[in-house]
Each structure stands twice: as C-alpha cells, then as structure tokens.
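The structure appears right after this line, and notes come after that.
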Amino acid sequence: LNIVFFGLFVFIGEKIYLGGIIGGNEVTSKKKQLTQNEFDKKLSKANKPYISIFKTDMTLLIKTPIYMLNCVSSVVLIPFILVLMPIIGGSVGGLDIIKQYYEPYIQYVNFGTAGAMMLFAAMNPTASTTFSREGKYFWLSRVLPVHPKDQIIGRLLSPLVLQIILIVIILVGLNFIVPLKISTIIISAVLGLAGSVPMILAGIFIDIQRPLLK
C-alpha cells in the first residue's frame, strides 16, 4: 500500500509541481494553426477581472507545494483527523454524544456544526496570506488597472471554494456517526458558509494591512 501511494505522489508531483516550476508544460505544448474566425473569437473572450484573479490565486495555491500543504491540504486533513480517524480506530469518544442527543437537541447540533465550520474558516490561512503569497511582486497587485472590489471578490473566491469543500467533508464525516436529516445539512451548511465570509474578509483585511512580503 505504501508503494502504491508513493508512486501516486511521485506521479502527481511530476505532473503538477515540477511541470509548473520548470515550465515543462509550456515547452511541450502543441501548436495549432488558428483560422481568422477562431483567432477573433479567442481574442474577444475575456474573463471578468475577479475571475482572472481567482484563477491566478488558485493556480498559485495548487502548484506551490508549501501553499498546497498549509492552505489546501488542511481543508481535508483537519476534519479527517478530528472526525474520521476516531471512526476508523473504532472509538468515536466524545462524538458519541452527537448520537445520543442529536434527535432531542437537533437545533443545537445544527448551530454547533455551523460554528465548527466557521472555526475552520478562521483557522485556514488561505485568506490571511493572500497578499503575502505574492512576496516581492505584491506591488503588481497595487498597480493593476483593476477595481478594488474585483480584487477583493477574486481573493475571496479561493478560500470560499476551499470552505465549500470543507463543509462537504464535515457533513459527510458526521453522517458516518449519525444519519443527518436534510434540515441539519441545509441549516448548518448555509449558516456555516454565511458565517465564514466575514472570517475570510477579516483575514484579507489583516493581510493587506501588514503583508509578509519576504
């Protein structure tokens, strides 16, 4: 099993990380002759500024190993350790309380689950390092002809996408412990996502005040 996972990570590392670092994808890309209509069509296509910022930021997160480890993988690892590992080990410990009190106190469970999602949003460093990740090239973001609103929306989307993935993982993990009702899934997901937005914006605000550019 270790050999299989080792081979898998080597394959992923070569495809994602090394290719991005040495520019192998650009070197080996296939050239295609475009017709005038195709050229005009591609030229007329343009992303919204905040979508371009989001794509650039997400690509940086995924292709840079240290950001992938600190920001992206924690979305999966933290809920896995706290929820799924006790289940795999055969002892859910304090999580047994959820089974016992889920039905009579379902509203408290809903709010508690939403609160846990907000807590994970506050702990994830994706938003609070969004400008710091650019390092010495941070000045480029300051001179881009992009409205500040688009900058904030674009930088909000990356941690928001990760937060949605986190919410799905938490709900799936809890469903292993006790079958969740539809009301629990909807209420906790909506409240957890809505409550995470101020956490993410606070992280962005803190980082723009004192970015760590080294």
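What to note about this one:
- In the range 157-180, the condition of being modelled with pLDDT of 85 or more and not in a helix (DSSP H, G or I) is met by no residue.
- One residue stands out in the range 160-194 among those that are in contact with a helix residue (DSSP H, G or I) (Cβ under 8 Å, 6 or more places away or on another chain) and of a type in the set (G, A, S): the one that is surrounded by the fewest Cβ atoms within 10 Å (Cβ to Cβ), namely S183.
- Residues in the range 78-87 that are at pLDDT 70 or above and under 15 Å from Q163 (Cβ atoms): I78 alone.
- Some residue of the range 42-50 being open to solvent by less than 60 Å² (accessible area, probe 1.4 Å), under 24 Å from V161 (Cβ atoms) and either modelled with pLDDT of 70 or more or in contact with a helix residue (DSSP H, G or I) (Cβ under 8 Å, 6 or more places away or on another chain) (or both): yes
- Residue check: L213 meets all listed conditions (1) in contact (Cβ under 8 Å) with a residue 40 or more places away in the chain; (2) part of a helix (DSSP H, G or I) but one, namely (2).
The values are calculated or read from the model by the stated rules, or taken from the named source; none is laboratory data. Nothing here was measured: the structure is a model prediction, and the numbers come from that model. With ideal geometry, Cβ positions are generated from the backbone for all residues, glycine too; neighbour counts draw on all protein chains shown. Note: accessible area is taken over every heavy atom of the protein model, side chains too, but ligands, DNA and RNA are not part of it. Shrake-Rupley method; radii C 1.70, N 1.55, O 1.52, S 1.80 Å.
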